[in-house]
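The values are calculated or read from the model by the stated rules, or taken from the named source; none is laboratory data. Just so you know, these numbers come straight off a predicted model, no measurement behind them. Note that each Cβ is placed from the backbone with ideal geometry, even for glycine, and that neighbours are counted across all protein chains shown.
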Amino acid sequence: MRRDVMVMMRLGRAPEEGLGPEAQELVAAIADARGEYRRAINYFHCVSQPELVEHAVLLLAAAECRYAYLLGQARQTGIRLPWTAPLEG
């Protein structure tokens, strides 16, 4: 299954096209968590008031935990996603 995902990414197709429904849900959740994590990073860089900084730190920690958990789930099921772009920016 890992090879299929990598081949589809090289061919420009979404990796979830060749996966079962549960794996497709997991890939979609990972993409969502990655976006949430990026937004949390951007929010952290934009705030300056102490209360908002604390909120941003908590938001960032929660987003990071969710993203790491979902990546771990993907690793356990054999799904490998070739996302190499940095999260910041």
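Looking only at the range 53-72, count how many residues are surrounded by 14 or more Cβ atoms within 10 Å (Cβ to Cβ) and not small (Gly, Ala, Ser). So the answer is 8.
When we screen ALA31, ALA40 for residues that are surrounded by 15 or more Cβ atoms within 10 Å (Cβ to Cβ), of a type in the set (Gly, Ala, Ser), at pLDDT below 95 and assigned to a helix (DSSP H, G or I), the only hit is ALA31.
Step by step: first the residues of the range 73-86, then only those that are buried (at least 17 other Cβ atoms within 10 Å of the Cβ) and in a loop (DSSP other than H, G, I, E, B), then the one that is modelled with the lowest pLDDT. Which residue is that?
First, the residues of the range 73-86 that are buried (at least 17 other Cβ atoms within 10 Å of the Cβ): 74, 79, 81.
Now drop any that are not in a loop (DSSP other than H, G, I, E, B), which leaves 79, 81.
On the way: ILE79: 83, LEU81: 75.
In this case the residue turns out to be LEU81.
Filter the range 4-20 for residues that are at pLDDT 55 or above and closer than 15 Å to GLN73 by Cβ and give the result.
Hits for the range 4-20 are LEU19, GLY20.
Pairing each residue of the range 19-33 that is farther than 13 Å from ALA63 by Cβ and free of Cβ contacts under 8 Å to residues at least 24 places away in the same chain with any residue that is among the acidic types (Asp, Glu) and buried (at least 16 other Cβ atoms within 10 Å of the Cβ), provided the two are 6+ apart or on different chains, yields C-beta distances under 7 Å for GLN24/GLU16; ALA28/GLU16. Scanning the range 42-83 for residues that are of a type in the set (D, E, K, R), in contact (Cβ under 8 Å) with a residue 24 or more places away in the chain and closer than 15 Å to LEU26 by Cα turns up ARG66, ARG80. Number of residues in the range 52-77 that are under 14 Å from ARG34 (Cβ atoms) and basic (Lys, Arg): the value is 1.
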